[in-house]
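Enquirer: Structure below; questions to follow.
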Amino acid sequence: MSAARQVMGSSYMNWAKTRSTAKFNLATSGLGNLKLRELRVSLDDLEITNGGYGYQPLVESIATRYRVDREAVMTAAGTTFANHLAMAAVIEPGDEILFERPAYEPMLAAALYLGANVKRFARRFENDFHIVPEELASHVSSNTRLIVLTNLHNPSGVLIDEAEIRQIGEIARSVGARVLVDEVYMETLFEDAPRTAFHLGNEFVITSSLTKAFGLSGLRCGWIFAEPELAKRMWLLNDLFAATPVHAGERLSVVAMQQLGEIGARAQELLDRNRTLLNEFLDTREDLEAIRPEFGTVMFPRVRRESSDDLCQLLRERYETSVVPGRFFEMPEHFRIGIAGDTAVLEEGLERLGRALDEISRG
Ligand SMILES: Cc1ncc(COP(=O)(O)O)c(C=O)c1O
């Protein structure tokens, strides 16, 4: 079996789908799913068939919202597929790419699946999970085709600001590489979100979706921003993958995009309230160290022990509460905790997390 075929799935996604559920689920990273009835939509808004490359009203809505040219927009089924397609269009088997660590595992798995020669650069807890440009520069070479990162960072929720992203773009440009930035969590800054890094230069390829900030994962409304020639290559390549999207989903996505202001305002209120709760909880725990971002839906605390696995297991088995074990992010001494669920669930989950931590420390 060739190296490219050694990765045939995502261990994290499999865990998330089969073993993350709990009465007090703090493992999720996106707003709770909206119900169809919460969107003001009627059957008359829907249609099931559309031809050609892209549903223009949807492409137009995305282009307008992010102030990018229509020719630079490609639509895809969620950020997941956008990431896959973006990497498939940019890299060939054996190409060297530089991937952040810790990383969102399904994205890393897709790069390995595509046969990339994956090298890593660190985002360290000690450095607040920021990227050190000098260190990144020391990893790139004329062989580097792509640098891959998330902003906000999954799992830490840390924002890389425009000046830092610009520096990363310059490093990539100096060796003729591109930068893929998954910006799906940037949406959780709502009206305060900085502009997409796509505006910073043609070396940037951006992916995102309506999944995390708006509870609209089910629409699979994702997109890629890429320079028009590359975007066109992606549309053509997509003929080998999805070929034609579910048109009713595209129609629903256009309707949803008209309502993002209200949906986002409710979500922001919830996140602000829940972030305060988590920060108050962290204030009371000397056994946890955490970088505490002002934005986003997740934090990635460190337990003062080798692994969080026993804590996560105890928490789920005895306290009906789940968080994501840090091993899925290659940092087993951490765990990821999400704040995008119901406030009452978070409150109870935190209380149970405190009890589980106490139990572990008693040995
Ligand atoms: C960094 C990152 N990208 C993409 C996704 C998936 O997004 P989507 O549901 O739009 O495919 C996730 C979900 O956890 C994520 O954390």
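The values are calculated or read from the model by the stated rules, or taken from the named source; none is laboratory data. Please read all numbers here as calculations on a predicted model, not as lab measurements. Glycine also receives a Cβ, built like all others from the backbone with ideal geometry; neighbour counts cover every protein chain displayed.
Enquirer: Confirm whether residue 243 is away from the ligand (no atom under 16 Å from the Cβ), aliphatic (A, V, I, L, M) and under 20 Å from residue 150 (Cβ atoms).
Expert: Here the answer is no, as residue 243 does not meet what is asked.
Enquirer: Now, a different point. Would you pick out the residues in region 67-92 that are under 18 Å from the mean Cα position of the chain (by Cα) and either at pLDDT below 95 or not hydrophobic (A, V, I, L, M, F, W, C) (or both)?
Expert: 75, 78, 79, 80, 83, 84
Enquirer: From the list 223, 235, pick out the single residue that is in contact with a Phe, Trp or Tyr (Cβ under 8 Å, 6 or more places away or on another chain), among the aromatic types (Phe, Trp, Tyr), in contact (Cβ under 8 Å) with a residue 24 or more places away in the chain and on the phi < 0 side of the Ramachandran plot.
Expert: After applying the criteria, what remains is 235.
Enquirer: Considering only region 125-154, state which residues are under 26 Å from residue 289 (Cα atoms) and more than 16 Å from the ligand (Cβ to nearest atom).
Expert: 125, 126, 127, 128, 130, 132, 133, 135, 136
Enquirer: Output the qualifying pairs, or none if there are none: Cβ atoms under 6 angstrom, residues six or more apart or on different chains, first residue in region 264-276 and under 16 Å from residue 337 (Cβ atoms), second residue surrounded by 12 or more Cβ atoms within 10 Å (Cβ to Cβ).
Expert: 273/343; 274/339; 274/343; 274/346; 275/339
Enquirer: Same structure, new question: Could you say whether any residue in region 211-220 is within 12 Å of the ligand (Cβ to nearest atom) and closer than 16 Å to residue 59 by Cα?
Expert: yes
Enquirer: Could you tell me which residue of region 49-72 is nearest to the ligand (Cβ to nearest atom), considering only residues that are farther than 20 Å from residue 185 by Cβ and buried (at least 19 other Cβ atoms within 10 Å of the Cβ)?
Expert: Looking at the filtered set, the residue picked out is 58.
Enquirer: For region 58-74, which positions are charged (D, E, K, R) and over 17 Å from residue 245 (Cβ atoms)?
Expert: 65, 67, 69, 71
Enquirer: If I filter region 133-184 down to residues being in contact with a Ser or Thr (Cβ under 8 Å, 6 or more places away or on another chain) and of a type in the set (D, E, K, R), which single residue comes out as surrounded by the most Cβ atoms within 10 Å (Cβ to Cβ)?
Expert: Checking each candidate, the answer is 182.
Enquirer: Separate question: Restricting to region 202-220, give me the number of residues that are without any contact (Cβ under 8 Å) to a residue 60 or more places away in the chain, farther than 16 Å from residue 73 by Cα and of a type in the set (D, E, K, R).
Expert: Number satisfying all stated conditions: 0.
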